[in-house]
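A short worksheet on the structure shown next.
The values are calculated or read from the model by the stated rules, or taken from the named source; none is laboratory data. If you're wondering where the values come from, they're calculated on a predicted model, not measured in any experiment. Here the Cβ positions follow ideal geometry from the backbone for every residue, glycine too, while neighbour counts run over all protein chains shown. Accessible surface is based on the protein model in full, side chains and every heavy atom, while ligands, DNA and RNA are left aside. Shrake-Rupley method; radii C 1.70, N 1.55, O 1.52, S 1.80 Å.
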Amino acid sequence: GQPGVRGLTGDRGDPGGKGERGSPGECAVAPKSAFSAKLSESRTSPLVVGDAVRFDKIILNEQGDYNPETGRFTCRVPGVYYFTVHATVYRSSLQFDLIKNGHTMASYFQIFGNWSKPASLSGGTLAHLIPGDQVWVQMALGEYTGFYSSPKTDSTFTGFLVYSDWKNSAVFA
């Protein structure tokens, strides 16, 4: 004959036994990348147009992503970074660029106004980087090379990871 009408749902049964412990997962340690460096007081001027400015006194560089010999930051952790330059300018004009892989991301300029005291020129920008990308500060014009450092005032280059794009790990996906 024909199947009968479905009956009422029964009461829920007792919970089952505890399962076996799973395998250990990855530790959720966020990737890091940060540096800050300054020009030493003994830097000779003028700096050469087209060259990377070598901020040679390391303030912080725990991951070693900034090379004070070349003045270049090399990305190892993909993601969005913030770079900033603070320049002390003294009795000179200054124009410099923030460069990513040979292309200007941002340019900064200050003309000398016969000031008797040092002045400041600062700027920063965000950049999306992938491993191997390089970022540096480069002199833009030959007559505007007025980076200055002394025991009382510094010119600095700083960069740090804002957030990672690391997709090769479930922790960061």
Would you check if there is a residue in the range 21-44 being over 23 Å from residue 130 (Cβ atoms), open to solvent by 90 Å² or more (accessible area, probe 1.4 Å) and of a type in the set (Asp, Glu)? no
Among (1) open to solvent by 20 Å² or more (accessible area, probe 1.4 Å); (2) closer than 17 Å to residue 33 by Cβ; (3) not aromatic (Phe, Trp, Tyr), the one test that residue 95 misses: (2)
Filtering the range 85-142 down to residues that are hydrophobic (A, V, I, L, M, F, W, C) and modelled with pLDDT of 90 or more yields 85, 98, 99, 105, 106, 126, 127, 129, 130, 135, 136, 137
Quick one: which residue in 90, 66, 81 is closer than 22 Å to residue 157 by Cβ and in contact with a Leu (Cβ under 8 Å, 6 or more places away or on another chain)? 81
Residue 56 is checked against (1) open to solvent by less than 30 Å² (accessible area, probe 1.4 Å); (2) without any contact (Cβ under 8 Å) to a residue 60 or more places away in the chain and fails just one. What number does that condition carry? (1)
Just checking, does the range 113-120 include any residue being out of contact with any helix residue (DSSP H, G or I) (no Cβ under 8 Å at 6 or more places or on another chain) and part of a strand (DSSP E or B)? yes
If we keep just the residues of the range 143-173 that are modelled with pLDDT of 75 or more and not in a strand (DSSP E or B), which is surrounded by the fewest Cβ atoms within 10 Å (Cβ to Cβ)? 151
Touching a residue at least 12 places away in the same chain (Cβ under 8 Å) and closer than 16 Å to residue 32 by Cα: which single residue out of 159, 146 fits that description? 159
